[in-house]
1. With the requirement that a residue be surrounded by fewer than 20 Cβ atoms within 10 Å (Cβ to Cβ) and in contact (Cβ under 8 Å) with a residue 40 or more places away in the chain, what does region 113-137 give you?
2. Residue 163: in the same structural domain as residue 24 (by TED's automatic domain parsing), more than 21 Å from the chain's Cα centre (by Cα) and surrounded by 14 or more Cβ atoms within 10 Å (Cβ to Cβ), yes or no?
3. Scan (1) within 22 Å of the chain's Cα centre (by Cα); (2) part of a helix (DSSP H, G or I); (3) surrounded by fewer than 17 Cβ atoms within 10 Å (Cβ to Cβ) for the single condition residue 108 breaks and write down its number.
4. Only residues that are assigned to a helix (DSSP H, G or I), in contact (Cβ under 8 Å) with a residue 24 or more places away in the chain and within 14 Å of residue 139 (Cβ to Cβ): list them for region 62-77, please.
5. Suppose the filter is closer than 22 Å to residue 63 by Cα, in a helix (DSSP H, G or I) and touching a helix residue (DSSP H, G or I) at 6+ places or on another chain (Cβ under 6 Å); does residue 139 pass it?
6. Can you name the condition, by its number, that residue 148 falls short on among (1) outside any loop (DSSP other than H, G, I, E, B); (2) touching a helix residue (DSSP H, G or I) at 6+ places or on another chain (Cβ under 8 Å)?
7. I need the full set of residues from region 1-32 which are loosely packed, with under 10 Cβ neighbours inside 10 Å and part of a helix (DSSP H, G or I), in order please.
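The values are calculated or read from the model by the stated rules, or taken from the named source; none is laboratory data. Because the structure is predicted, anything quoted here is derived from the model rather than measured. Note: ideal-geometry Cβ built from the backbone for every residue, glycine included; neighbour counts use all protein chains shown.
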């Protein structure tokens, strides 16, 4: 049952430290072709990818993300966008009123899902080529500035970047939640005692992981990390910004 593709997927780990070595034009185009091979809802293809090669642009984007090194230094930086702009143009070409559809939550979800599927195809393809990848959601710290830098039109929303390159450092793989906690059969698990026990078991695994990785200097739990993060809401401007881009209005 295990094959090379599955081994590649299961071996995934985030790479944040890349060699000073750019991807070739052929590699970039191949990764984009792989992105385009992803499933797309009703053949809508509601996404675009912006490749950032300019060093100054990468530096500015890195500053937006909180100076993440992987954004400034990588083999290539792909910015994945939910994109319904081309469908606005299609409405003009075909003489159809498509405004209500394009502003709907349903089509917004389609565009986000399409872009994410394309990105994951890119990630798997890159890793199968011996490259490393890092998803970067920090672009959403200031999407107005990102849109200005990348000259993003209405009905397009940058979602995240994927930094790709040759790994200089490869970290240990972080343990994921237990399968039983993620996979539910026939209905959602409602037994809270079981649910909490699974979380506590996972906390122990994560504590052990951090202790080994840091020589005992770090011992926080996963639920502790999540609670701390969620107790301080982030990017609350997002709802209004998405609407200003002409998306998710109803």
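1. Those that are surrounded by fewer than 20 Cβ atoms within 10 Å (Cβ to Cβ) and in contact (Cβ under 8 Å) with a residue 40 or more places away in the chain: 113, 116, 117, 120, 121, 124, 127, 128, 129, 135.
2. No; evaluated as a whole, the condition is false for this residue.
3. (3)
4. 64, 70, 71, listed by residue number.
5. Against the criterion (closer than 22 Å to residue 63 by Cα, in a helix (DSSP H, G or I) and touching a helix residue (DSSP H, G or I) at 6+ places or on another chain (Cβ under 6 Å)), residue 139 qualifies.
6. Going through (1) outside any loop (DSSP other than H, G, I, E, B); (2) touching a helix residue (DSSP H, G or I) at 6+ places or on another chain (Cβ under 8 Å) one by one, residue 148 breaks only (2).
7. Of everything in region 1-32, those that are loosely packed, with under 10 Cβ neighbours inside 10 Å and part of a helix (DSSP H, G or I) turn out to be 4, 10, 25, 26.
Results for (1) out of contact with any strand residue (DSSP E or B) (no Cβ under 8 Å at 6 or more places or on another chain); (2) surrounded by 13 or more Cβ atoms within 10 Å (Cβ to Cβ); (3) not in a helix (DSSP H, G or I), shown as yes or no for each residue.
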site: 38; (1), (2), (3): yes, yes, yes
site: 45; (1), (2), (3): yes, yes, yes
site: 58; (1), (2), (3): no, yes, no
site: 96; (1), (2), (3): yes, no, yes
